[in-house]
1. From the list Leu39, Leu115, Leu101, Leu76, pick out the single residue that is crowded, with 24+ Cβ neighbours inside 10 Å, aliphatic (A, V, I, L, M) and not in a loop (DSSP other than H, G, I, E, B).
2. Only residues that are touching a strand residue (DSSP E or B) at 6+ places or on another chain (Cβ under 7 Å) and within 18 Å of Lys495 (Cβ to Cβ): list them for the range 311-323, please.
3. Since Ser281 meets every condition but one in (1) modelled with pLDDT of 95 or more; (2) within 18 Å of the chain's Cα centre (by Cα), which condition does it not meet?
4. For the range 113-132, enumerate the residues that are under 22 Å from Ala52 (Cβ atoms) and in contact with a Lys or Arg (Cβ under 8 Å, 6 or more places away or on another chain).
5. Could you look through the range 330-365, keep only residues that are small (Gly, Ala, Ser) and not in a loop (DSSP other than H, G, I, E, B), and pick out the one that is modelled with the lowest pLDDT?
6. Going through Asp291, Asp249, Asp241 one at a time, which residue ends up being among the acidic types (Asp, Glu) and within 28 Å of Ile424 (Cα to Cα)?
7. Restricting to the range 57-75, and then to whatever is among the hydrophobic types (A, V, I, L, M, F, W, C) and more than 20 Å from the chain's Cα centre (by Cα), can you tell me which residue is nearest to His118 (Cα to Cα)?
Amino acid sequence: MPDDLWRHDAGAIPRLDAFPRTDTLVFISNGDPWTLARLDVAVDRLAAGMVAVGIRPGDRVALHLRNGPEIAVAYLACFRIGAIAAPLNLRIKQAELEDVLQRLQPRLYLGQHDLYVHVAGIDRSLLPDTARYLVDANRTIVAQGGPQSWAKLNCYYDLVLPIGSIDRRAPAVLLMTSGTTGQPKFVAHSLTSLTDDADRGRYFGMGRGQQMAMSLPMVHISGLWLLLVALRRGMQLVMCDADPAVILDTVEQYRCNAICLLPALASGLIEAQRTRPREVSCLHLAVSGGDALSGGQQAAWAKVFPCELHSFWGATEAIGSFTYGASRGAVSRLCPNTQMRLVDEDGADVQIGQAGEMLLRGPHVMLGYWTFPGMLTGLEDGWYRSGDLMRQDAEDAVWFVGRLKDLIVRAGSNISPVEVEAAIATHPAVAEVGVAGVDDPVLGQRVMALVRVREGATSFVLSDIMAAMSGRLADYKLPERLFAVGSLPRNGNGKLDRRQLTAMLQERLAIGMTTREPLQILPGAAARTSQ
């Protein structure tokens, strides 16, 4: 296989023609197959349109697009001409978008009609109508002097793109972080780091012969990574909505043999398969990253699907650092050509088996956090400080302990909410659980939890859960209150929003028990709360 997807011979602009077979299938969207040859033509056409309207290397192009051919073409067209792709979180609204666009100062906006409602009111001095293009703009919008049609950018058939070198180490994409604290950051990756990240798909067994049911949004690193793995490794994607029933139907219809997901989706897939089993014997690779996956979820998965659900650690800043672990639980294995340190609060390396903050370095790691052109921050001598506590065992497995900022400190003892969640999730009545510390004037913090129970659970199930946990966790780690909820709070990336989780727990404590609660809160044991 060629060494480089985007060929970069002297004087050449990166292209998509490195694969020898032009009929190589890259993805299927709404039943429509896209080969490399078709994709290459579409990328050249959009790239020519961008150049024709004045886009130059280093200009930011805002991508406000759902999964589909358009976002794939837009990414690659930006890479083709050296523009910087800036995908926008699809969940944020006008006020947040205006702040993001003010910081990005994009020269071009590519969006979709139903998402554009959150952009329509943004100041024209920031983003003029002539810089706004919609893939599905109707004639009325264009006639009224609003956004232009995507088709207008794709009509420069005869324009010859300028010949020049693309700086493969310059920012090529700015990926928004989840923004759970303060303003979201823009994680800058180059073509070099993206290529190295994508090549690490080999450590997951991803390559030719793999057909993946693809529901992860490409505006985030997870979906973009899978697109690039498909291009680099010859894997095929079948795009589908992130609905458990739709994903399972896609696996069955297209005989997909691989799936990549967030832990929050795993429970929905398990329940959907239990409710209406599909023929999914084709599935042999299932991996979950981006958040902690419990051994309980993996055990439940193995009962209804023909393969294990594997866990791996991933982050926008360094997604290719790990492949999946061999054991159940939040465990990963370090990928080759990745440097890792686990350090204590003084910066000294910890011993094997001890938890420490993880630092990572390698060619796949981000360039840094982009603040404005020419300004990148966030790395220390090339090291990315993750803020995650990890421990490495004697077999070199790396276990996720928790976020430094999320640790619960109760009476001087550190408690990992991930560990408590993993224990509670083993109970068969638990669909999802979130654990956090609530401030206490005596103990510093107390352990509390929100639980979404499975359908059909009785009003006594929280008592059953607490009783079962007393044999699995030390007393000081046991939650002192369990609250039943219909859903857990999640951020724009679908991860558990621990700040909102804490706020919900504080609110429920303030309200106290009410007759409207379907399942009542459960006080912890008096002996434990008095410690």
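The values are calculated or read from the model by the stated rules, or taken from the named source; none is laboratory data. Computed from a predicted model, the values in this text were never measured in an experiment. Note: ideal-geometry Cβ built from the backbone for every residue, glycine included; neighbour counts use all protein chains shown.
1. Leu76
2. Result: Ser311, Phe312, Trp313, Gly314, Ala315, Thr316, Glu317, Ala318, Ser321, Phe322.
3. The single condition Ser281 does not satisfy is (2).
4. Ala131
5. Ala355
6. The unique qualifying residue is Asp291.
7. Val61
The rows are residues; the columns are (1) in contact with a Cys (Cβ under 7 Å, 6 or more places away or on another chain); (2) surrounded by 15 or more Cβ atoms within 10 Å (Cβ to Cβ); (3) over 29 Å from Ala300 (Cβ atoms); (4) hydroxyl-bearing (Ser, Thr, Tyr).
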residue	(1), (2), (3), (4)
Asp349	no, no, yes, no
Ala355	no, yes, no, no
Met358	no, yes, no, no
Thr371	no, no, yes, yes
Val401	no, yes, no, no
Leu407	no, yes, no, no
Ser416	no, yes, no, yes
Ile424	no, yes, no, no
